[in-house]
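K.L.:
Questions regarding the structure given below will be posed in turn.
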Amino acid sequence: MNSKYATRGVIFIHSVPPAVRPHVEWAVSSVLGYEVQFEWTRQPALPSMYRAETSWTGEVGMGAVLASAMGGWEHLRFEITEDPTPVSEGGRWSCTPGLGIFYAQTDLTGNVVVHENRIRAAIEQAGGNAKELQRLLDLALGQAWDDELEPFRYAGAGAPVRWLHRVG
């Protein structure tokens with residue numbers, strides 16, 4: 001790694017068609033610079049699809065590069081996390097076929113962080129309308145992505161996670 005700061009994270013593939021699995025592995029391997037082979041299992045929430053998860057290590061900002069490499073593929077649902085470092089915030093990228101990619105900054109425990117200016121803007125835009133304020137805050141928190149991905153997350157509870165490390 002060329003960066004002074006390395007980070008790590010987890011790639012959660014929530015659903016992917018069988019034919020796309022090797023393409024996902026290739027994309028992730030290309031970004032990380034080392035071969036990645038996921039341990040694929042059936043996705044109970046959508047039995048025609050597969051799921052996998054693996055941990056990764058890499059340079060700060062690698063989560064965004066991974067998300068960009070996988071975004072937009074039909075039927076692919078995924079989440080990528082990147083842990084914070086002394087020079088960077090943590091992050092989470094969520095992607096669904098219908099919604100696209102959502103990015104949120106995260107704190108040390110993985111909670112979404114919504115900054116003061118975004119909250120103030122939502123309050124101002126809502127103009128005292130509680131339902132509109134709720135809608136704007138849900139948008140800031142990525143609620144639509146959470147709603148769509150939750151059945152897939154639950155179906156993967158207890159699945160094994162492998163740590164990937166670059167050697168050499």
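The values are calculated or read from the model by the stated rules, or taken from the named source; none is laboratory data. None of the values given here were measured: they were computed from a predicted structure. We place every Cβ from the backbone using ideal geometry, glycine too, and count neighbours over all the protein chains shown.
K.L.:
Scan the range 5-41 residue by residue and report those that are free of Cβ contacts under 8 Å to residues at least 60 places away in the same chain and either among the charged types (D, E, K, R) or within 21 Å of Thr106 (Cα to Cα) (or both).
P.N.:
Selection gives Arg21, Glu25, Glu35.
K.L.:
Does Ala52 satisfy being in contact (Cβ under 8 Å) with a residue 24 or more places away in the chain and in contact with a strand residue (DSSP E or B) (Cβ under 8 Å, 6 or more places away or on another chain)?
P.N.:
It is true that Ala52 is in contact (Cβ under 8 Å) with a residue 24 or more places away in the chain and in contact with a strand residue (DSSP E or B) (Cβ under 8 Å, 6 or more places away or on another chain).
K.L.:
Modelled with pLDDT of 95 or more and either loosely packed, with under 12 Cβ neighbours inside 10 Å or not acidic (Asp, Glu) (or both): does that describe Leu164?
P.N.:
Here the answer is no, as Leu164 does not meet what is asked.
K.L.:
Something else about it: From the list Val112, Val87, which one is exposed (fewer than 15 other Cβ atoms within 10 Å of the Cβ), over 22 Å from Arg21 (Cα atoms) and not polar (S, T, N, Q)?
P.N.:
None of the others qualify; the one that does is Val87.
K.L.:
Next question. Show the residue pairs meeting these rules: Cβ distance below 6 Å; 6+ apart or different chains; first residue within the range 103-118 and among the polar types (S, T, N, Q); second residue part of a loop (DSSP other than H, G, I, E, B).
P.N.:
Gln105/Glu89; Gln105/Val113
K.L.:
Let me ask you something else. Looking at the range 149-160, which of its residues are surrounded by 13 or more Cβ atoms within 10 Å (Cβ to Cβ) and modelled with pLDDT under 95?
P.N.:
Pro151, Phe152, Arg153, Ala155, Gly156
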